[in-house]
1. Per the Cauchy relation, a quarter of the hull surface: what is the mean projected area of the convex hull of the alpha carbons in the stretch B:50-251, in nm²?
2. Would you kindly derive the ³J(HN,Hα) couplings of the stretch B:312-319 from the backbone phi angles with the Karplus curve 6.51 cos²θ - 1.76 cosθ + 1.60 (θ = phi - 60°), listing them in order in whole Hz, with x for Gly and Pro?
3. With angles folded into 0 to 90 degrees, how steeply does helix B:380-397 sit against the dominant principal axis of chain B? Use alpha carbons for both and round to 10.
4. Which listed residue (B:264, B:363, B:77) has the Cα farthest towards the positive end of the charge dipole for chain B, taking +1 on Lys and Arg C-beta and -1 on Asp and Glu C-beta about the Cα centre?
5. Tell me, what ³J(HN,Hα) does each residue in the stretch B:106-123 have, in order and in whole Hz, if you take phi through Karplus 6.51 cos²θ - 1.76 cosθ + 1.60 with θ = phi - 60° and put x for Gly and Pro?
6. Considering only B:233, B:343, A:74, whose Cα is most displaced toward the positive end of the charge dipole of the protein assembly as shown, charges sitting on Cβ of Lys, Arg (+1) and Asp, Glu (-1)?
7. Sequence neighbours fewer than 8 away in the same chain don't count; with that in mind, list the lysines whose C-alpha is under 16 Å from residue B:70.
8. Specify which residue in the list B:170, B:155, B:140 is farthest towards the positive end of the charge dipole of the stretch B:120-193, using unit charges on the beta carbon of Lys, Arg (+1) and Asp, Glu (-1), about the Cα centre.
Amino acid sequence: MTRIGICALALMLARATVPGPASESWKVPVVERKLANGLTVIVSEDHTSPTFGLCISYGIGYRLEPEGRSGFAHLFEHFMFQGTPNAPKGIFSSVIDEGGGSFNGATRADFTEYVDSAPISAIDPILWLEADRMKTLDFSVTNLDNQRSVVKEEARSTIMNQAYGLFYAVDLPQKAFDTFPNNHSIIGDFKDLDAASIPEVKAFYESYYSPNNAVLAVVGDVNPDEVFAKAEKYFSAIPAVKNPPKPDVSEPPQTTERQVTQEDRLAHSPAIAVGYRMPPRKDRDAIVGAVVAELLYRGNASILYQKLVQEKKVAVSVNGGVNWPLGNQFEYNGPTLLAAFIVYPNEVKESDLLSAYDSAVSSLAANGPSASELDTAITKLRSDWDSQLEIPVDRAEVMSLATLFDGTPAMVNDIPNELESVSAADVKQFAAKYLAKTNRTIINRVPATKPAMSSGNEKKNQ
Amino acid sequence: MTRNPLRRIAVLFALIFTPVFGVKAQKAPKLPSDLPAYGPLKPYAGPKVISSKLPNGLTVWLVPRPGYPKVAFALAVHGGLASDPKDLPGLSDVLASTITLGTKTRTAKQLSEEIAAAGGALNSRADADSVVVSTDVPSWKMQIGLRLLADITQSAAFPEDQVALTKKNSAEELRGQEARSIFLARRALAKLVFGANPYSVIAPTEDAIAKISSELLLKAYLTEFRPDQSLLVAVGDFDAAEIVPLIHEAFGKWSGSQLATAPVAPAPENKVSRNIYVVDRGGSVQTTMLLGSIGPTERDANYVPFEVSDTILGGMASARLGSNIREDKGYSYGAGSLLQTYAETSLLYSGANVRNAVTGAAFNEFWYELNRMALTLPRPDELERAQRHLIGSQALRLQSQVELANQFCDLWSRGLTWDTLEREGSEILNVTLEDAAKIGKEYFPAYKQTIVMVGDKKVIMEQMAPFNLQIESAP
């Protein structure tokens, strides 16, 4: 396998590429244009299926919601499906269903995205619906109250009534970070949700849901000129607004290891979550972090699966990644973690698990990966990256987010080369620097000895 | 959001809890005047398949699809959970977990390293009617993918240390599953609806896991993994002329055993009793409710209208259950229904997770919506939406090579061929309001459903008292 340096600037600026024959460097076509109101439109043509997928991402996530209003960005995402003066509640889902399509929304730390997939025959009504809810919404108290209930049910279903309660995604960042933007949960506090009011919902919408804070990506059985014409037709009348300045979301440095023990009244086996603070998104080390996560945590060939599950038998399963599990290694734009979730048998002591874990990680920091380990990890990451680009809506999401963060979708075709540029020395240096104990937080979650009142019950802070 | 194609069952269950949004009123929604019209609806066109049989009896379905530079391979065998010996329920599940952990010539570690070095992973699953092993790799590595797949389908060794480890981890996994309310609800419902029929098993028991050995696994493997009982599917960026010799090289010498083939499950009868079966899960903040009943097989003329009716009830975002229980009442994050299809039957479920305090109120809405399906005609706009939705969703599912390969395996395991998707696509468009009414009357009445609730028993007893139904512990 050849190792190529970080791709040239010329490539970063490339506006369009075309797919070639199957080879080891698959590239997807990307064309971009900006409307006068600031809406960026990205198109990738692919006629494999008579379908399309789109993603509109907005530059607002839960990292930026105000203190005392935790969960607001996510509650608002629900509100976006509650209808508009032009298309009252129910129209959005009926029209997409009847178009043969499906839709969803997701709120993450640095963005909120809306995705739709459908046969190509439904592209016009779907673009119309997305433009319609970028103009205004039906700001009714009934809708807000209803979605408050639904969000609470979501929290009960996905967190409070589940074994482990996603503690490696929800609790870990709360322990690993020190400032409100980074250490509150996506769902938020029920009391904060109750306090949210219609004027706040309206002000939030007017501040952030504007074309100049959004990227529309359309992928599939389309041609770029037609999509640009449709985008112009449906979106160009929406005015740009001045978005609030981005606040400082940086963290004071971590200097000591953090350890917490929690009780879980639903889990039958204990588990640990381990989180290491990661370098910033565009740091050269960030791509090395992706390779390290693959080497350590992902799949049956990974170092920790082999060591902890197969060899030492001190764990049942190993999972993890950068910005995991609510996102991937490329979808963040602020402090994030390399997180792992390891379930272990009741008869194994946490200290024995950790000592086996530490010895595997120290060995990576001391010796680096072998040539074949590194080649395998990079090949697998490249192959998985291609998989992210197969289905139109997935590719639309990757392109929309890349453009939202970087101002260009170039990353989509650059990632393979960047991965290839990672060397064993990079991995070794990264492991020594970032996988240090002083840079990590561990939560040990053990089955509760007696029933408690909530899913996660914290016992002690060490 | 789900990005990667998941196992079929995971997808089915995600549906219940996927956010759904919908109309409140029970009349046709009035569309905005300037909303552009849909383009013409193209009937669903299935992929072109090159079908053949190797001299040893292996059936091969090839779908060349240029572009995305990968190939998905899946190999299905008849067998699976419904064919397991009665005293070893869930054996196939452990077989699927161990089949990739060593062959006569490769250790578990070598297998996982070789496939990862080719950019793929080895996947395996046991369903009710089949066991499927699969992988997807970049096109230029397809030979490696095929060789590894051939190795595990022809020479799996079930090494004792790997079987011991898997048994231990399967037992842990089972305990983990038992912590999940949806698993408990599904397991209880399958036992109640299917009774003594082998479709009642959805997972291994602790007792069966303890009994399983390398020897038993090898015996089941030799019974099920034989070319005349298997299908190989390849979907992706390849030339048929190029891949056929590779398939012959990898699978041509496979002879398989002469053991009797795995038994096939008989068609079950629908068993109903007017009870509510409760799995007590103390301290739960929600009740998980499932209402289920048996439907037609996919070969039955009623199947397609049944699928359309299920879509109207709860199979799409704007369907009745989500519109009522989530959007109007706010009782749940997601309420819906889904249809699980087996070779010899099908199972319709509807369900939701609801907060404790509205357990009774939410149940009342399920009861009402099921009876509404049974007693009244759907609106014409609902029928048309469901038809178009089903055809469109099929096209969306087949965007993925892996998903298409898996769907073909599932069709084949149910005794159907690849053109089923296209045939069903045109039948969907022919379903009339009268068909839907007939199906509603036959399959959807609330009294025909078996009801399971998982949650705090005390809460459920209080909440369900007004309904005057017998409350019993689930098996």
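Where a number appears in this text, it was derived from the coordinates with a stated rule and is not lab data. Everything quoted here is computed from the prediction, not taken from an experiment. Don't worry about glycine lacking a Cβ; one is built from the backbone with ideal geometry, like all the others, and counts go over all protein chains shown.
1. Projected over every direction and averaged, the Cα hull of the stretch B:50-251 covers 11.8 nm².
2. For the stretch B:312-319, the Karplus curve yields 5, 5, x, x, 9, 4, 8, 5 Hz.
3. Here the helix axis deviates by roughly 20 degrees.
4. Positive-most Cα among the choices belongs to B:363.
5. Residue by residue, the stretch B:106-123 yields 9, 7, 4, 5, 4, 4, 5, 6, 5, 6, 5, 5, 8, x, x, 8, 8, 10 Hz.
6. It is A:74, whose Cα lies furthest towards the positive end.
7. Here the lysines satisfying the reach criterion relative to residue B:70 are A:27, A:380, B:141.
8. Of the candidates, B:170 comes out farthest on the positive side.
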